[in-house]
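Here is the structure we will look at, set down as structure tokens.
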Amino acid sequence: MPHADAPAYPVGLRLAGKRVVVIGGGQVAQRRLPALVSAGADVVLVSPSATASVEAMVTAGELRWERRKYRPGDLADAWYALVASTDPAANAAASAEAEERRVWCVRSDDADAATAWTPATGRSDGVTVAVLTGHDPRRSAAVRDAVVAGLRDGTLGAPHHRARAAGVALVGGGPGDPDLITVRGRRLLAEADVVVADRLGPRDLLDELGPHVEVIDAAKIPYGRAMAQEAINAALVEHAKAGKAVVRLKGGDPYVFGRGMEEAEALAREGIPVTVVPGISSAISVPAAAGVPVTHRGVAHEFTVVSGHVAPDDPRSLVDWAALAKLRGTLVLLMAVERIGSIAAALVAEGRPADTPVAVVQEGTTAAQRRVDATLGDVGRRVAEEGVRPPAVIVIGDVVAVGGAVADAARAAGTSGPGTSLGTGTDTGTVPGTGPGGVARG
């Protein structure tokens, strides 16, 4: 047995294709098994029972399960063992067998008797952070979390020193609150040489970029509106071909009315590698931030997201408004503020009741968030009276009336804020949000 005060020797085990035996199918196994499976290990679970999550991994074919208690010989040909059953005698026997067979063994019930310890582990951009602090696992986890968080958000500098392939990442920035961008999106921003930013992206994140990063405002690219997308594509191609790591920062999700596929196709034609990082769509997140669930049991079993950038009678429209009017679920309209009057009239004319509740959420998840409540019959007038401006998300359906009690409780508890601000409307029909700035998609 190792000396109690001797430090552990850190090493990274490459377990792909190697036999790994796990004794016990409880909570410890449930936490440890995913990493072993991800490492490509040939995992054998020995346990008379298992948690539902572990059993689901077995059903999916990710590991084999021998439904019985441990017995001598189970660790034959194993490279690594995790002993985590609720039977102390079985744990001791398995640990002794591991010692005899020279198999590195982790014990969840007795770290001092183990020949290996499991570090607090985290991963970011191909880097694995493993922290050991002896007998203080909470400290290990805290150090791990701090290091991984720093790597992910760029506050901990870890630049690539080997050649890095140039390319473009189409990053969905989320609805506006800078905290709602994905971890991967934030990391790619921290590594970028050039950022081509939408006006609808999370603007606050640009202030975190290093002084060497060139920021191009896509809203100010020349040649006029008709040529704007071609100019954006050209800028992405130009900088990527110059060997730069380019991030195209977009609001919401790149492929939800974001023209992301047009940009990806333009880059592909030039042979430029493209990475697409999905973002939280404002179609779901902004209603949620305003206290509106787009689906709710017994109220709406479907929701439909529609672009309202052209009116229903416009020959360019690809939307079947008559069919939408017949649906019983939720309609979520993006880019529809300027045409909500004609859209509402078309839906009512095709059979949607005029008293259908409507919520209009302007600049959702940001400091400027506000909500205007109306009905399908008067939403055009209400939007004009309240001076609602884009970007805004419009929700049509009975779900708008759901959640009032939740919103009241949130306000009473003082928990509303960016990403969580709730409201059902005041007497004037508006509910301001709170939090840092930014602009929501819509």
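The values are calculated or read from the model by the stated rules, or taken from the named source; none is laboratory data. In this text the structure is predicted, and so the values were computed from the model without any measurement. We place every Cβ from the backbone using ideal geometry, glycine too, and count neighbours over all the protein chains shown.
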(request) Counting only residues that are at pLDDT below 95 and aliphatic (A, V, I, L, M), give me the helices (runs of 4 or more DSSP H) lying completely in region 1-101 with at least 2 of them. (result) 27-38, 52-59
(request) Please indicate, with yes or no, whether at least one residue in region 109-121 is farther than 20 Å from L15 by Cα, surrounded by 14 or more Cβ atoms within 10 Å (Cβ to Cβ) and at pLDDT 90 or above. (result) yes
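Okay, residues lined up against (1) β-branched (V, I, T); (2) surrounded by 19 or more Cβ atoms within 10 Å (Cβ to Cβ); (3) outside the structural domain of L200 (by TED's automatic domain parsing); (4) touching a Phe, Trp or Tyr at 6+ places or on another chain (Cβ under 8 Å):
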{"position": "H296", "(1), (2), (3), (4)": "no, no, yes, no"}
{"position": "F303", "(1), (2), (3), (4)": "no, yes, yes, no"}
{"position": "S307", "(1), (2), (3), (4)": "no, no, yes, yes"}
{"position": "A323", "(1), (2), (3), (4)": "no, no, yes, no"}
{"position": "G329", "(1), (2), (3), (4)": "no, no, yes, yes"}
{"position": "I340", "(1), (2), (3), (4)": "yes, yes, yes, no"}
{"position": "A349", "(1), (2), (3), (4)": "no, no, yes, no"}
{"position": "R352", "(1), (2), (3), (4)": "no, yes, yes, no"}
(message) I'd like to check something: does region 130-144 contain any residue that is part of a loop (DSSP other than H, G, I, E, B), within 30 Å of E191 (Cα to Cα) and modelled with pLDDT under 95?
(response) yes
(request) Test V319 against the stated conditions and say whether it is without any contact (Cβ under 8 Å) to a residue 60 or more places away in the chain and either part of a loop (DSSP other than H, G, I, E, B) or not assigned by TED's automatic domain parsing to the domain that holds F257 (or both). (result) yes
(request) Could you look through region 80-93, keep only residues that are within 20 Å of L15 (Cα to Cα) and of a type in the set (G, A, S), and pick out the one that is surrounded by the most Cβ atoms within 10 Å (Cβ to Cβ)? (result) A81
(request) Go through (1) over 32 Å from the mean Cα position of the chain (by Cα); (2) under 25 Å from V129 (Cα atoms); (3) assigned by TED's automatic domain parsing to the domain that holds A96 and name the single condition D42 misses. (result) (1)
(message) I'd like to verify a number: residues in region 245-287 that are in contact with an Asp or Glu (Cβ under 6 Å, 6 or more places away or on another chain) and of a type in the set (S, T, Y), how many?
(response) 1
(request) Please enumerate the residues belonging to region 45-67 that are crowded, with 18+ Cβ neighbours inside 10 Å and either under 23 Å from A92 (Cβ atoms) or under 26 Å from the mean Cα position of the chain (by Cα) (or both). (result) L45, V46, S47, A50, V54, M57, W65
(request) Select from region 363-384 the residues that are under 20 Å from G291 (Cβ atoms) and without any contact (Cβ under 8 Å) to a residue 60 or more places away in the chain and list them in ascending order. (result) V372, D373, A374, T375, L376, V379, R382, V383
